[in-house]
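The structure under discussion appears below in the form of structure tokens.
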Amino acid sequence: MILTVATVLLFGVSAALAGVERPVTLSFDPDENEVNRYMTVITLRGAITRPGELTGLDATFRIRAVYRDKVESSLHGLNRHVLEFYDYDVFSSPIRRRREDRRYQDGGRGERGGGRGEDGGGAGGGGVSGAGRSAELPAPLGNPQSPPPGWGDPMQARDGDRAGEEDPTFSVDDILIRSLVYVESKSGDILDVQGLSQLREYSRRSVSPGEIRVDIGHLFEWNHCLRLPDYPVWREDMWFATIPLNVPGLPDPVMCKFMYRVLGFTRIGMRSIAIIDTHGIVDFHQYWEEETDTEIVKYEAMGDFSIAGRYFFDYEQGMIFGVERPPIFDFETMSFFPGQFSSQMFELKHPGLLANLDMRYYSEKTEKPRTKREERLPPEPEPVDRRHVGITFYMQTEAE
């Protein structure tokens, strides 16, 4: 009986505290020297296919970071933050499960014409048919402990099946710095991040030509995709913002339009939380080239990148509380907020952000001439490397 009375009283107090009777002005306006400690985990699943070959990424990559966000100064229109990393680790399994189409053996000259003609063609326009060729393979993904027939034992990897040893395609980057300093506006626009551009340039130059890499810059950006309006908002209110976004595999950021919607208001402990959903998608088609001491590599990438996230914003403290989807109760409607699910991938229990990358990715290498005689001869480029990249990223961020 005593427990029942205490539960009713606690429920009534929580409901009263959660009551919001008027529109709320949301703003990144924390107190000076305010400190929050966060943990962010990013993991992924997907596949990278080539004509006649499929490489599965069965949650074998993960980034986990534990850091402190301290507000050094909170001025009239700007906030200056310092991120200090206590822990940052990258898990990258050396095993990649690969399946090859036997029709592409003997140097790619099978009964269907090998790597030219309607089964893949040259550099121009053959990527779509190449992606279709890979799509004819059996279902690639599944439980890593129970691979489909024909895949072999994933723990018995052959030479060349280890990520990063031969023909690398995808990787995650270790952190090279212990802290980041960034400046944001009261609406959440990131105006400057010291050290991040140098880290990105190093990360881009340190990979093999054509390799797609995810680094700390993506972790930082996905945690800071929230933009707030300059007017009070209420439940179901919506607004829009355009944000420069760095897509994995592209050299320069692309402008992505985000839509935001307030699902409601609640309390978590003593924090007043606004639950905000966001969705963004961008289509891209880019050409670029990079030059090393021995070769020139030309790239073409086309596809789309989408993000869907749920932010918990502490509107009294003026900072993000987390990016996740735990079972949070709405005391106004006496129900749970929609879209709750749980995942047991690494430390992720309630991932709050999903990012999908669907990209056709081509690269062509040409060796530089080394003698005057080679300069007079036209260079002969290597065959175009055609890939289809389909990866889903899962991210969860929570504060103490």
- line: Once H76, H388 are ranked on solvent-accessible area with the largest value leading and a 1.4 Å probe, the list reads H76, H388
- line: Quick calc, R22 & S92: beta-carbon distance into FRET formula, R0 35 Å, rounding 0.05, result 0.10
query: Efficiency by 1/(1 + (r/R0)^6): what FRET value for E289 and E236, r their Cβ-Cβ distance, R0 = 60 Å, to the nearest 0.05?
result: 0.80
task: Using a 10 Å cut-off on Cβ atoms, rank the peptides 173-181, 222-230 from the highest mean neighbour count down.
output: 222-230, 173-181
Residues V66 and E32, FRET efficiency given R0 of 22 Å [Cβ-Cβ distance, rounded to 0.05]: 0.40
statement: Length gained if R178 through E382 is fully extended, taking 0.36 nm per residue and subtracting the Cα-Cα distance, is 69.4 nm
- line: Counting only residues 5 or more apart in sequence or on a different chain, those whose built amide H sits under 5 Å from that of V233 are V24, T25, L26
- line: Note: probe point = Cα of S187 + 7 Å toward Cβ; backbone nitrogen < 11 Å; residues of segment 262-289 passing the test are none
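The values are calculated or read from the model by the stated rules, or taken from the named source; none is laboratory data. Just so it is clear, the structure is predicted and the values come from calculations on it, not from any experiment. Please note: Cβ atoms are built from the backbone with ideal geometry, for glycine as well, and neighbour counts cover all protein chains shown. Note: accessible area is taken over every heavy atom of the protein model, side chains too, but ligands, DNA and RNA are not part of it. Shrake-Rupley method; radii C 1.70, N 1.55, O 1.52, S 1.80 Å.
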